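**Q** Here it is: the structure, laid out below.
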Amino acid sequence: MKKEYEVVAEIINACAGSGRPQVFMEDVELEDTDEYVRAKHGRDWEDVKKETLPSGEIQYTLDKGSISYKYTFTE
């Protein structure tokens, strides 16, 4: 069964010298939040960390050294 989520994606690129992340937001309908992140980072899927926050949000993080990604899903 699909659920609707608001996704906040944050990308921090240390190489670019920016201390502020690029932030993107979108609404998606998914059966599994894993599929969204796996579609974007399939090669690095084993390095992605998934956490369910006390607020019920689901957060994924991927740190590749000079660039890191964070995706937060809210129902």
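**Q** Taking Lys70, is it open to solvent by 60 Å² or more (accessible area, probe 1.4 Å), among the charged types (D, E, K, R) and without any contact (Cβ under 8 Å) to a residue 60 or more places away in the chain? Spell out how you get there, then give the answer.
**A** Values: open to solvent by 60 Å² or more (accessible area, probe 1.4 Å): yes; among the charged types (D, E, K, R): yes; without any contact (Cβ under 8 Å) to a residue 60 or more places away in the chain: no.
No: the conditions fail for Lys70.
**Q** Go through segment 53-69 and give me each residue that's assigned to a strand (DSSP E or B) and of a type in the set (A, V, I, L, M, F, W, C).
**A** Filtering segment 53-69 down to residues assigned to a strand (DSSP E or B) leaves 58-63, 67-69.
Scanning segment 53-69 gives Ile58, Leu62, Ile67.
**Q** Test Thr61 against the criterion of being among the hydroxyl-bearing types (Ser, Thr, Tyr) and open to solvent by less than 80 Å² (accessible area, probe 1.4 Å), and give yes or no. Explain how you work it out, then say what you get.
**A** Details: among the hydroxyl-bearing types (Ser, Thr, Tyr): yes; open to solvent by less than 80 Å² (accessible area, probe 1.4 Å): yes.
So Thr61 passes the test.
**Q** Separate question: Could you run through segment 30-47 and say how many residues are open to solvent by 40 Å² or more (accessible area, probe 1.4 Å) and assigned to a loop (DSSP other than H, G, I, E, B)? Please lay out each step first, then the result.
**A** Start the filter on segment 30-47 by keeping residues that are open to solvent by 40 Å² or more (accessible area, probe 1.4 Å), which leaves 31-32, 35, 38-40, 42-43, 45-47.
If we keep only those that are assigned to a loop (DSSP other than H, G, I, E, B) as well, we get 31-32.
Result for segment 30-47: 2.
**Q** Could you list, ordered by first residue, the pairs with Cβ atoms under 9 Å in which the first is in segment 37-62 and at positive phi and the second is part of a strand (DSSP E or B) and surrounded by fewer than 16 Cβ atoms within 10 Å (Cβ to Cβ), at least 6 apart or interchain?
**A** Short answer, once both residue conditions are applied: Gly56/Thr74.
**Q** In addition: Pull out all pairs, ordered by first then second residue, where Cβ-Cβ is under 6 Å, the residues are six or more apart or on different chains, the first lies in segment 1-26 and is at pLDDT 95 or above, and the second is of a type in the set (Gly, Ala, Ser).
**A** As it stands, the answer is Phe24/Ala9, since those pairs meet every condition given.
The values are calculated or read from the model by the stated rules, or taken from the named source; none is laboratory data. Here the structure is a predicted model, which means the values were calculated and not measured. Using ideal geometry, Cβ is built from the backbone for each residue, glycine included, and neighbour counts are taken over all protein chains shown. Side chains included, ligands, DNA and RNA excluded: accessible areas come from the protein's heavy atoms. Shrake-Rupley method; radii C 1.70, N 1.55, O 1.52, S 1.80 Å.
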